[in-house]
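A short worksheet on the structure shown next.
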Amino acid sequence: MVIEIPRRLDSEPVRLTQDERPRATRTLEIAMIGTRGVPASYGGFETAVEEIGRRLVERGHGVTVYTRGSESRAREYLGMKVVHLPALRVKQLETLSHTGLSAVHAVFGRRPDAAFVFNAANSPFLPALRARGIPTALHMDGLEWKRSKWGRRGKAYYRWAEEFGVRTADALIADAPGIRDYYDREFGVPTELIRYGAPILEDAPADGIRSLGLTPGGYHLVVARFEPENHVLEIVEGYRRSSATRPLVVVGSAPYAAEYTQQIRAAAGSDPRIHFLGGVFDQDLLDALYFHALTYVHGHSVGGTNPSLLRAMGAGTAVLAYDVGFNHETLAEQGLFFADAAEAGRHFATLEGDPAGATVMGRIVRERAREAFRWDDIATDYEDLAVRLARGESMHLLGRRARRRPDSTR
């Protein structure tokens with residue numbers, strides 16, 4: 001296999017074969033900062049840290065994960081060293097306060113060979129890490145400033161933090177081609193394209209879904225936070241107007257969007273076909289819900305490679321996705337797409353009318369997940385980047401001069 005890895009992070013990529021990829025000639029100490037940490041029980045970043053971190057440990061590296069809010073106080077998990085630090089329980093400050101303490105700990109403790117900082121919002125702490133001589137890669141995530149949960153100041157902060165991260169990081173990580181293209185278009189800087197992995201499910205017990213009154217292959221599934229950019233409202237509206245007979249099961253909640261939740265509930269009305277389960281934190285039950293659904297309906301529109309979509313693909317479930325570039329690329333066009341409630345409604349009827357076709361679609365997307373979103377490959381990409389950072393490679397000389405282009409769309 002031939003892949004692209006830059007010889008320097010601020011230079012044109014040089015094509016290397018798999019055997020030529022840089023490998024660690026010594027054990028590296030790697031820090032992972034800016035997430036809720038491990039054990040993973042919340043979102044995509046946490047799952048990535050757990051899956052990547054444990055594989056790096058298996059390859060002989062030392063991994064330190066900074067963690068907040070975990071019920072477990074263990075200092076080690078799957079071979080990773082776990083540092084528990086507090087955080088302010090305030091929406092706007094929880095991540096920043098914890099990352100600030102984590103950066104202080106890393107600066108005054110034993111110096112790691114490389115650090116991975118997750119979330120562009122945490123970019124203000126990069127200069128302190130780099131001043132300590134810790135080469136740092138910043139995982140940029142999606143276009144967070146487009147999310148409705150942030151007010152005017154929050155959106156402005158995220159846009160500023162993106163630019164500050166570009167100017168201060170040694171490397172930038174994007175999890176989707178669309179995010180990579182965004183940073184190239186906005187700032188003219190390179191990013192490392194490193195995806196998320198997909199858990200592959202070949203089977204799942206049906207007892208849990210049967211206890212909810214559901215049958216295998218007999219329902220449509222939505223898993224999302226109730227936020228406008230996730231289009232749960234359009235999905236519910238489209239389904240209610242449709243001729244679908246199989247239930248729509250909605251998993252999720254809205255800690256910061258009471259008004260939007262009310263709109264969704266009003267759109268559902270008293271339709272007995274629509275089932276709201278709230279948050280489901282039993283991973284076995286959630287896996288079963290994905291695996292036994294006829295279709296998974298994915299309304300996310302502002303993220304990169306979305307972990308919920310990957311989980312549905314890995315479960316072999318046909319996907320009906322919001323019509324945006326991120327979703328088209330992740331699915332490699334192997335799904336149905338909707339731009340509004342009416343189109344979603346038509347697709348519900350189409351899929352119910354051809355359950356065999358939905359099954360085939362599910363098998364195709366599972367193979368896509370199996371081939372393109374492997375955690376082993378992703379861990380290798382992180383290891384390679386850590387090696388290059390530890391060797392002194394950096395895009396900083398290029399990035400420090402970058403500014404957002406003036407014709408940028410706000």
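Each value in this text was obtained by applying a stated rule to the coordinates, not by laboratory testing. These numbers were taken from a predicted model, which means no experiment stands behind them. Neighbour counts are summed over all protein chains in view; Cβ atoms, including those assigned to glycine, are modelled from backbone coordinates with ideal geometry.
The range 292-306 and the range 311-334 have Cα centres lying 7 Å from one another. Our helix-only sum for the chain, with -39,500 (n - 2.57) per DSSP H run of n ≥ 4 divided by its residues, gives a mean residue ellipticity at 222 nm of -12500 deg cm²/dmol.
In the chain, the longest principal axis of the Cα atoms and the axis of helix 283-292 are about 50 degrees apart. Straightening the chain between residue 75 and residue 374 buys 104.9 nm, computed as 0.36 nm per residue apart minus the Cα-Cα spacing.
In the chain, taking the dipole from charged Cβ atoms about the Cα centre, the farthest positive-side position among 119, 231, 79 is held by 119. Normalised size of the range 207-372, defined as Cα radius of gyration per 2.2 N^0.38 Å with N residues, equals 0.93. Charge dipole of the chain (Cα centre as origin; +1 on each Lys and Arg Cβ, -1 on each Asp and Glu Cβ, all else neutral): 1520 debye, rounded to the nearest 20. Neighbour counting of Cβ atoms within 10 Å sorts the residues 160, 375, fewest neighbours leading, into 160, 375.
Between residue 275 and residue 329, take the C-beta separation as r, use R0 = 25 Å, and let me know the FRET efficiency to the nearest 0.05.
On the way: r = 31 Å, r/R0 = 1.24.
For residue 275 and residue 329, the calculated efficiency is 0.20.
Taking the C-alpha atoms only, the angle from helix 258-268 to the longest principal axis of the chain is near 30 degrees.
Cα centroids of the range 152-185 and the range 220-258: 29 Å apart. Relative to the current alpha-carbon distance between residue 259 and residue 405, full extension at 0.36 nm per residue lengthens the span by 49.0 nm.
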